[in-house]
Amino acid sequence: MDILLVASAFNSLTQRLYAELSDHGHHVDVVLASHGPDPVRAAVRELRPDLVVAPMLRTALPEDVWREHTCLIVHPGPPGDRGPSSLDWAIAEEAPRWGVTVLQAEAAMDAGPIWAAEPFPAPPVGKSDLYRNEASDAAVTAVLTAVRHYAEGAHKPLPQSHESVDVVWRDAFRQDRRRIDWAHDDTATVLRKLRGADSQPGVLDELLGREMFLHGGHPEDRLRGRPGDLLAQRAGAVCRATRDGAVWIPELRPRKKSGDPAPFRRPAAAVLADLTGERVPRLTEDPVPFELPAGRHTWTDIRYRQHGEVGFLGFSFPGGAMSTLHCRRLLAAYEYALSRPTRVLVLGGARDFFSNGIHLNVIEAALDPARESWANLNAMDDLVEAVLRTTDRLVVAALAGNAAAGGAMLALAADQVWCRTGTVLNPHYRRMGLYGSEFWTYSLPRRVGPEQAERLTTEALPVSAATAERLGLADRLVPAAPRDFAAEVERLAAGLAAAPDLDRQITAKAAARAADERERPLAAHRKAEMARMHHIFFDPMAEYHTLRSAFVRKTPSGSARPLDLPLDLPLGDVR
């Protein structure tokens with residue numbers, strides 16, 4: 001069928017549905033409702049789709065569109081749930097299970113007949129994590145079911161007036177419900193409030209006399225202090241005391257002042273340092289080793305552990321973005337992991353994003369974004385090069401979640417790429433106006449061939465895990481639920497370490513790397529890529545600067561049809 005996706009942003013779920021519906025043989029296009037109703041109407045008139053699917057909307061579909069075409073809305077709540085803050089309520093009420101409902105658009109919000117529904121478990125994780133993983137899995141299943149029902153023609157959607165549907169309206173989850181009472185809320189309550197707003201909208205609070213939105217929260221097991229006080233900093237996060245413990249807050253966003261440009265999320269310590277003109281007052285750095293001692297339950301974004309001959313280097317950065325400091329710290333951890341006696345080294349976090357490459361928010365906030373872009377990219381290249389030059393063991397990139405741009409190339413630097421079946425890859429840079437680096441001109445053609453590499457980087461489309469395996473971007477699909485992925489990777493890695501031909505695999509990989517180095521050194525790939533990137537970064541008229549700012553500040557840019565790319569953006573090639 002011809003399917004038109006209408007969404008307020010080309011977000012993770014919209015990308016995944018685009019990729020998976022395409023895998024099922026449908027012709028899929030996308031239009032963004034954030035550009036107003038007229039582009040939606042124009043896309044419907046031009047494309048004449050068989051079906052309209054709305055994965056994520058902040059505004060209603062135009063009435064003339066849903067009256068003249070079957071339009072299916074993906075609602076992140078169980079059948080009968082209505083309102084704009086469904087996942088927020090699920091987290092606030094500690095619901096053990098939740099659901100996704102695909103319903104037909106009508107005048108009343110979320111009131112249309114139900115075409116499909118799928119339940120999912122709701123573990124105590126951040127809202128954005130839950131949305132990208134358990135909710136996304138359920139949404140894809142429900143949408144594929146609804147599309148099949150529609151194609152068959154005989155299915156009758158279930159009206160919400162049916163006795164089996166329990167209709168519940170839930171109001172918008174506003175800041176007065178999110179506000180933390182530091183003197184009275186216990187740590188569990190504080191964490192629940194922080195996790196319920198980790199990406200958007202954040203929890204409004206006050207720090208150092210300035211209103212701030214707090215983004216994300218993790219428990220701390222040792223530090224204690226007066227409720228509400230800042231206690232320490234670690235890796236850019238700040239620790240704040242509760243009445244019975246403490247929590248780590250990775251990111252902050254100042255509240256917008258009248259006349260100022262819209263602020264955006266950044267590492268918490270950096271935001272506070274900007275306010276005070278120095279490092280955060282009286283906050284000491286509270287480091288932890290890469291290998292946490294037994295019994296510690298504290299936050300760290302990088303950790304190492306070892307089981308027998310397998311090392312696991314886990315990392316988890318908000319939004320998958322890796323700043324210059326993130327890259328340097330992860331490289332130090334990688335070098336530590338290489339000093340350990342293992343034969344297999346697994347890279348990647350237990351859940352959610354693998355990596356999305358350089359940290360555009362940190363770059364946008366820098367006094368000189370071009371210089372920070374350059375520093376960040378060099379640090380990312382250093383990390384990727386270290387992985388490529390590892391020849392004494394097998395390196396596995398285990399993708400629990402999505403990877404894009406330089407983060408996808410970090411994964412491809414490994415010997416094997418294992419993807420959870422819900423993963424989406426974006427192995428390209430053009431949508432940010434970049435040529436790309438991270439040795440993509442070596443790693444991508446090595447896996448998929450030069451013609452496919454050029455197609456992937458030129459078309460710049462999301463790729464499902466299944467297509468990634470078919471193309472050679474991934475070596476293994478891991479069909480595990482998000483909460484089971486880490487355990488399944490551990491089992492598979494143990495099997496790899498015990499393989500009788502492991503020594504032969506390691507020897508073959510070292511020989512292949514040496515042969516590739518003789519043909520064209522890695523330094524040559526890096527020099528050529530970085531020359532292109534230097535030209536873009538330090539050209540004040542380059543599209544990258546406009547696209548980066550729009551992305552960070554969440555302002556509409558470019559076309560309402562995100563699959564259409566401007567002709568003047570850098571083309572991928574493997575020269």
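Quickly run through region 83-131 and pick out the residues that are over 29 Å from L191 (Cα atoms) and open to solvent by less than 30 Å² (accessible area, probe 1.4 Å). Quick ask: steps written out before the conclusion?
The first filter runs over region 83-131 and keeps only residues over 29 Å from L191 (Cα atoms), leaving 102-117.
Within region 83-131, V102, L103, A105, D110, A111, G112, P113, I114, W115, A116 qualify.
Of the residues making up region 157-215, those that are in contact with a Lys or Arg (Cβ under 6 Å, 6 or more places away or on another chain) and among the basic types (K, R) number 2. For T546, the stated conditions hold: it is open to solvent by 50 Å² or more (accessible area, probe 1.4 Å) and either on the phi > 0 side of the Ramachandran plot or among the β-branched types (V, I, T) (or both).
For region 187-223, the tally of residues that are within 14 Å of A269 (Cα to Cα) and among the β-branched types (V, I, T) stands at 0.
Which condition number in (1) over 30 Å from F120 (Cα atoms); (2) under 30 Å from the mean Cα position of the chain (by Cα); (3) open to solvent by 50 Å² or more (accessible area, probe 1.4 Å) is the one that I536 fails? (3) is the only condition that I536 fails.
So which of T141, T145, T101 ends up being of a type outside the set (K, R) and closer than 20 Å to R351 by Cβ?
Numbers: T145 fails: closer than 20 Å to R351 by Cβ; T101 fails: closer than 20 Å to R351 by Cβ.
Answer to the check: T141.
Yes/no per residue for (1) under 18 Å from G126 (Cβ atoms); (2) open to solvent by 50 Å² or more (accessible area, probe 1.4 Å); (3) in contact with a helix residue (DSSP H, G or I) (Cβ under 8 Å, 6 or more places away or on another chain):
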position	(1), (2), (3)
V167	no, yes, no
D176	no, yes, no
A188	yes, yes, no
V203	yes, no, yes
C239	yes, no, no
D244	no, yes, yes
W248	yes, no, no
E251	yes, no, yes
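Contact map, region 190-204: first residue part of a helix (DSSP H, G or I), second residue among the polar types (S, T, N, Q), Cβ cut-off under 9 Å, separation 6 or more or different chains; pairs are V190/T242; L191/T242.
Any chance region 401-418 includes a residue that's aromatic (F, W, Y), crowded, with 24+ Cβ neighbours inside 10 Å and not in a helix (DSSP H, G or I)?
Within region 401-418, the subset aromatic (F, W, Y) is 418.
Within this subset, residues satisfying the condition of being crowded, with 24+ Cβ neighbours inside 10 Å are 418.
Restricting the remaining residues to those that are not in a helix (DSSP H, G or I) gives 418.
Yes, region 401-418 contains a residue that is aromatic (F, W, Y), crowded, with 24+ Cβ neighbours inside 10 Å and not in a helix (DSSP H, G or I).
Within region 295-331, restricting attention to residues that are open to solvent by 20 Å² or more (accessible area, probe 1.4 Å), assigned to a loop (DSSP other than H, G, I, E, B) and not polar (S, T, N, Q), the residue that is modelled with the lowest pLDDT is G295. Has region 88-106 got any residue that is more than 20 Å from E134 (Cα to Cα), among the aliphatic types (A, V, I, L, M) and at pLDDT 95 or above? Scanning region 88-106 turns up at least one residue that is more than 20 Å from E134 (Cα to Cα), among the aliphatic types (A, V, I, L, M) and at pLDDT 95 or above.
Being over 19 Å from the mean Cα position of the chain (by Cα), over 25 Å from P562 (Cα atoms) and of a type in the set (A, V, I, L, M) holds for only one residue in A481, A453, A494, and it is A494. Go over the candidates D38, D88 one by one and state the one that is free of Cβ contacts under 8 Å to residues at least 12 places away in the same chain, part of a helix (DSSP H, G or I) and not small (G, A, S). From the options D38, D88, the qualifying one is D38. Hey, does region 132-142 have a residue that's over 18 Å from the mean Cα position of the chain (by Cα) and either in contact (Cβ under 8 Å) with a residue 60 or more places away in the chain or open to solvent by 30 Å² or more (accessible area, probe 1.4 Å) (or both)? Yes; the residues of region 132-142 include at least one that is over 18 Å from the mean Cα position of the chain (by Cα) and either in contact (Cβ under 8 Å) with a residue 60 or more places away in the chain or open to solvent by 30 Å² or more (accessible area, probe 1.4 Å) (or both).
Of A397, A468, all but one fail to be open to solvent by less than 10 Å² (accessible area, probe 1.4 Å) and in a strand (DSSP E or B); the exception is A397. Could you say whether any residue in region 154-164 is among the polar types (S, T, N, Q), at pLDDT 95 or above, over 30 Å from H215 (Cβ atoms) and touching a Phe, Trp or Tyr at 6+ places or on another chain (Cβ under 9 Å)? No, because not a single residue in region 154-164 is among the polar types (S, T, N, Q), at pLDDT 95 or above, over 30 Å from H215 (Cβ atoms) and touching a Phe, Trp or Tyr at 6+ places or on another chain (Cβ under 9 Å).
Could you tell me which residue of region 424-458 is nearest to L21 (Cα to Cα), considering only residues that are without any contact (Cβ under 8 Å) to a residue 60 or more places away in the chain and part of a loop (DSSP other than H, G, I, E, B)? Reasoning before the result, please.
To start, the set of residues in region 424-458 that are without any contact (Cβ under 8 Å) to a residue 60 or more places away in the chain comprises 425, 427, 443, 447-449, 451-452, 455.
If we keep only those that are part of a loop (DSSP other than H, G, I, E, B) too, we end up with 427, 449.
On the way: P427: 19, G449: 25 Å.
Among those that are without any contact (Cβ under 8 Å) to a residue 60 or more places away in the chain and part of a loop (DSSP other than H, G, I, E, B), it is P427.
Of the residues V478, V448, which is touching a strand residue (DSSP E or B) at 6+ places or on another chain (Cβ under 6 Å) and surrounded by 15 or more Cβ atoms within 10 Å (Cβ to Cβ)? Before the answer, list the steps.
Values: V448 fails: touching a strand residue (DSSP E or B) at 6+ places or on another chain (Cβ under 6 Å).
Testing whether each residue is touching a strand residue (DSSP E or B) at 6+ places or on another chain (Cβ under 6 Å) and surrounded by 15 or more Cβ atoms within 10 Å (Cβ to Cβ) leaves just V478.
Somewhere in region 70-80, is a residue touching an Asp or Glu at 6+ places or on another chain (Cβ under 6 Å), surrounded by fewer than 23 Cβ atoms within 10 Å (Cβ to Cβ) and part of a loop (DSSP other than H, G, I, E, B)? There is at least one residue in region 70-80 that is touching an Asp or Glu at 6+ places or on another chain (Cβ under 6 Å), surrounded by fewer than 23 Cβ atoms within 10 Å (Cβ to Cβ) and part of a loop (DSSP other than H, G, I, E, B). In the set L444, L434, only one residue is touching a Phe, Trp or Tyr at 6+ places or on another chain (Cβ under 8 Å) and under 22 Å from K527 (Cβ atoms); that residue is L434.
Applying the condition of being under 26 Å from the mean Cα position of the chain (by Cα) and among the small types (G, A, S) to region 147-193 and asking which residue is nearest to V247 (Cα to Cα) yields A188.
Among residues of region 1-26 that are among the charged types (D, E, K, R), those with a beta-carbon under 7 Å from a residue that is open to solvent by 40 Å² or more (accessible area, probe 1.4 Å) and not in a helix (DSSP H, G or I) at least six positions away or on a different chain give the pairs D2/H27; D2/D50.
So that you can scan it fast, the table gives a plain yes or no per residue for (1) part of a loop (DSSP other than H, G, I, E, B); (2) touching a Gly at 6+ places or on another chain (Cβ under 7 Å); (3) of a type in the set (K, R); (4) surrounded by fewer than 18 Cβ atoms within 10 Å (Cβ to Cβ):
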residue: R282; (1), (2), (3), (4): yes, no, yes, yes
residue: P293; (1), (2), (3), (4): yes, no, no, yes
residue: P341; (1), (2), (3), (4): yes, no, no, yes
residue: F353; (1), (2), (3), (4): yes, yes, no, no
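Total residues in region 360-386 satisfying the condition of being open to solvent by 10 Å² or more (accessible area, probe 1.4 Å) and either at pLDDT below 95 or not aliphatic (A, V, I, L, M) (or both): the figure is 10. Whether a residue is modelled with pLDDT of 95 or more, in a helix (DSSP H, G or I), open to solvent by 10 Å² or more (accessible area, probe 1.4 Å) and under 15 Å from A398 (Cα atoms) was assessed, and E490 passes this test. Applying a threshold of 9 Å to beta carbon distances and a minimum spacing of six or more residues, or different chains, the list of pairs starting in region 465-479 at a residue that is more than 18 Å from H428 (Cβ to Cβ) and ending at one that is aromatic (F, W, Y) and open to solvent by less than 20 Å² (accessible area, probe 1.4 Å) reads D475/W418; R476/W418; L477/W418; V478/W418; V478/F485.
The values are calculated or read from the model by the stated rules, or taken from the named source; none is laboratory data. Everything numeric here is computed off the predicted structure, so don't read it as measured data. With ideal geometry, Cβ positions are generated from the backbone for all residues, glycine too; neighbour counts draw on all protein chains shown. SASA here: full protein model, heavy atoms, side chains in, ligands and nucleic acids out. Shrake-Rupley method; radii C 1.70, N 1.55, O 1.52, S 1.80 Å.
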